[in-house]
1. Can you give the angle from 0 to 90° between the axis of helix A:9-23 and the longest principal axis of chain A, with both taken from C-alpha atoms, to the nearest 10?
2. For label points placed 7 Å from Cα toward Cβ, what is the shortest-first list of nm distances from residue B:76 to its copies?
3. Shortest first and in nm to one decimal, what separations exist between residue A:5 and its copies in the other chains, measuring from label points 7 Å along the Cα-to-beta-carbon line?
4. If you average the C-alpha positions of region B:150-190 and of region A:7-35 separately, how far apart do those two centres end up, in angstrom?
5. Taking amide hydrogens as modeled 1.01 Å from N in the peptide plane, which residues meet the under 5 Å criterion relative to residue B:160, leaving out close sequence neighbours?
6. Taking square-rooted eigenvalues a ≥ b ≥ c of the alpha carbon gyration tensor, is region B:5-98 rounded, prolate or oblate, where a/c under 1.5 means rounded and, failing that, a/b exceeding b/c means prolate?
7. Can you name the chain A residue with its Cβ nearest the rotation axis from A to B, and give the distance in Å as a whole number?
8. May I ask you to report, in nm to one decimal and beginning with the shortest, the distances from residue B:46 to the same position in the other copies, taking label points 7 Å along Cα-to-Cβ?
Number of protein chains: 2
Amino acid sequence: MATRAGLTTERLTRAGAELADEVGFDQVTVSELARRFDVKVASLYSHLKNSHDLRTRIALLALKELADRAADALAGRAGKDALTALANVYRDYAREHPGRYAAAQFRLGPEAAAASAGVRHAQMTRALLRGYDLTEPDQTHAVRLLGSVFHGYVSLEMGGGFSHSAPDTQDTWTRVLDALDALLRNWPEP
Amino acid sequence: MATRAGLTTERLTRAGAELADEVGFDQVTVSELARRFDVKVASLYSHLKNSHDLRTRIALLALKELADRAADALAGRAGKDALTALANVYRDYAREHPGRYAAAQFRLGPEAAAASAGVRHAQMTRALLRGYDLTEPDQTHAVRLLGSVFHGYVSLEMGGGFSHSAPDTQDTWTRVLDALDALLRNWPEP
DNA sequence: TGCATCTCCCTAAAGGCTTTAGGCAAATGG
DNA sequence: CCATTTGCCTAAAGCCTTTAGGGAGATGCA
């Protein structure tokens, strides 16, 4: 018959990420993936353990892409400049790749989590905070706060949580970053 | 045969919410629900339009429960006291009812969204902010910031995003609320 | 080049979830 | 007490996942 399709875990993962951006992360299906490669479903199971495995791989891909972008954005920046840059990386990535962004939120098992780029994310946020004057434990608190704001804002904005309200969300975003910068420069003692 | 099962959209929705808390919101299935009522699957379709309809109803239920709790918590409180109370409502609800909390994040259509308790949430946050001295547009920015932090924190904490790190997450939560209070009392002008 | 082997994709099949169509019996009420 | 309504059931089709086993390309060595 025809020549082979050239399936690969790599290619399948990338195609899965694109599929996620098109139809949503939780609509990613092994069947649809097979259809796109014009191949029978069972064929994918030589390259993927199962559906969950596919999702995990997409998640890892997204986390890596995000970390790479973040590293890029932080290079040569400090203080509020760095804060804004990092924040925009997350927001822009979510807008450009909603499915991948959702994938990055996928609950990973301990093994996968350890092998993921998740660690780099925390490290970069911590690096950014060196531009502010925080004690060690406060740095951790701040890392978590920033993570929460970035993720929470992006997630609500994309979910339509801010729709139909008066001020532009871009406006709010700017002011929120101003506020965070002010807060970090003036971190309250208990 | 035996007597009727007494199915109701109401009862199905409540059972669906419990099911969500047990197995996760996205594992909620019409089939499993039927099993729990010891009834054939097709029978549920007289009470539910479809699977999506079920999820929507669970989401509306969760939003209402959350709003009710929030209203309760805010009664008679102001300032930081109110801020803490509201924040804890979200966090505690998510811990007690993870499936419902996930449901509350379910993307609703415009119709359902309008009929939801989502509006009350925004109103209560706005009410809470009256204890601080913010101009009108800044109030909206602050509403969005608080929403982002609450949702983002709870979501990351529950997703295990803060696991294995040194300081206790309760510790961080307290300090984050301190920080937000300080920020709101000292909101920066552009 | 020819053949053995390995790799890759396919056929087949079982099991689960969703959703629609149509039927019979239990509840309701006049 | 019977007529009608209502509620749950059987049947069936469609789609997704996952496993088992087979045949035909691709590869490499003689």
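Nothing in this text is a laboratory measurement; each read-out follows from the coordinates by a stated rule. None of the values given here were measured: they were computed from a predicted structure. Here the Cβ is made from the backbone with ideal geometry for all residues, glycine too, and neighbour counts use every protein chain on show.
1. Value to nearest ten degrees: 70.
2. Shortest to longest, the spacings are 5.9 nm.
3. From this label point to the equivalent ones elsewhere in the assembly: 3.8 nm.
4. 35
5. Counting only residues 5 or more places away or on other chains, the set is empty.
6. Prolate shape, in that a/c is at least 1.5 and a/b is the bigger ratio.
7. Taking the axis that maps A onto B, the answer comes out as A:152, 1.
8. 5.1
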